[in-house]
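Presented below is the structure to which this report refers.
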Amino acid sequence: MSNYSIDEFIRQTKQDESENEFFELETPRILEVNLSDQVWAKSGSMISYNGNIKFEREGILEHGVGRMFKKALSGEGSSLMKATGQGRLYLADQGKKITIFNLDNEAITVNGNDLLAFEPGIQWDIKLMKKVAGMMAGGLFNVTLEGRGRVAVTSHYEPLTLLVKPGSPVITDPNATVAWSGHLKPEFRTDISLKTFVGRGSGESIQMEFNGEGFVIVQPFEEVYTSGSS
């Protein structure tokens, strides 16, 4: 750890008050939201704020009965909160690295546990992975976001983007998969065998296969989380 005087440390780490974009990376792992109206964020992600901001947990019928029903089926644990008002809001999630996407009438699908925040004008929907229900503890649902606006996504360490090309599918571990092109629809491959259970299998038991043309973002970390916990 470096040695600092108090004044030196403050100069090195203080907030940048000149930033005024809606989403700004204050550090690689802290998102600053310059709030003037409303933003949706992952519940529990607020670490600090100033100004007049009110926080509300996502209501049961906030986004309609359809999404409520799918969330109940998915056992989804990353619920949203709505921050409303004016001020500076700082968000983070377990020290994970943050990437901001500026969608321009585009779509991206994000692992539900890796979605940190998005502008209220973004359209979104929950996609269930019913084929692997009961096979794995986490990663059973994803959120597809589309339209115009910013989306903040988290990853453990530095993310890697893999290009999906026709005739050349990309295979990933579900727990290491962060996001992918909104139009891609992954299929699941399973390799359940006795050798897998005794630790001599040739690969992972459950894999995601992406076909077509687009991209997949992965992280160098297998994030296993259970339903009902953020």
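Taken over the range 1-57, the criterion of being at positive phi and assigned to a helix (DSSP H, G or I) is satisfied by no residue. Being among the polar types (S, T, N, Q), modelled with pLDDT of 85 or more and open to solvent by 50 Å² or more (accessible area, probe 1.4 Å), is that true of even one residue in the range 161-181? Scanning the range 161-181 turns up at least one residue that is among the polar types (S, T, N, Q), modelled with pLDDT of 85 or more and open to solvent by 50 Å² or more (accessible area, probe 1.4 Å). Just a yes or no: is a residue in the range 210-225 touching a Phe, Trp or Tyr at 6+ places or on another chain (Cβ under 7 Å), open to solvent by less than 50 Å² (accessible area, probe 1.4 Å) and at pLDDT below 95? No - not one qualifying residue is present in the range 210-225.
Here's the yes/no breakdown for (1) over 22 Å from Tyr90 (Cα atoms); (2) at pLDDT 75 or above; (3) within 11 Å of the chain's Cα centre (by Cα); (4) not small (Gly, Ala, Ser):
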| position | (1), (2), (3), (4) |
| --- | --- |
| Ala107 | yes, yes, no, no |
| Phe118 | no, yes, yes, yes |
| Lys127 | yes, yes, no, yes |
| Val143 | yes, yes, yes, yes |
| Gly147 | yes, yes, no, no |
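Across the range 1-51, the number of residues qualifying as of a type in the set (A, V, I, L, M), open to solvent by 80 Å² or more (accessible area, probe 1.4 Å) and modelled with pLDDT of 95 or more comes to 1.
Restricting attention to the range 100-115, the residues that are under 22 Å from Asn34 (Cβ atoms) and surrounded by fewer than 24 Cβ atoms within 10 Å (Cβ to Cβ) add up to 5.
The values are calculated or read from the model by the stated rules, or taken from the named source; none is laboratory data. Predicted model, so just to flag it, every value in this text is computed and none were measured. Note: ideal-geometry Cβ built from the backbone for every residue, glycine included; neighbour counts use all protein chains shown. Only protein heavy atoms, including side chains, enter the accessible area calculation; ligands, DNA and RNA are left aside. Shrake-Rupley method; radii C 1.70, N 1.55, O 1.52, S 1.80 Å.
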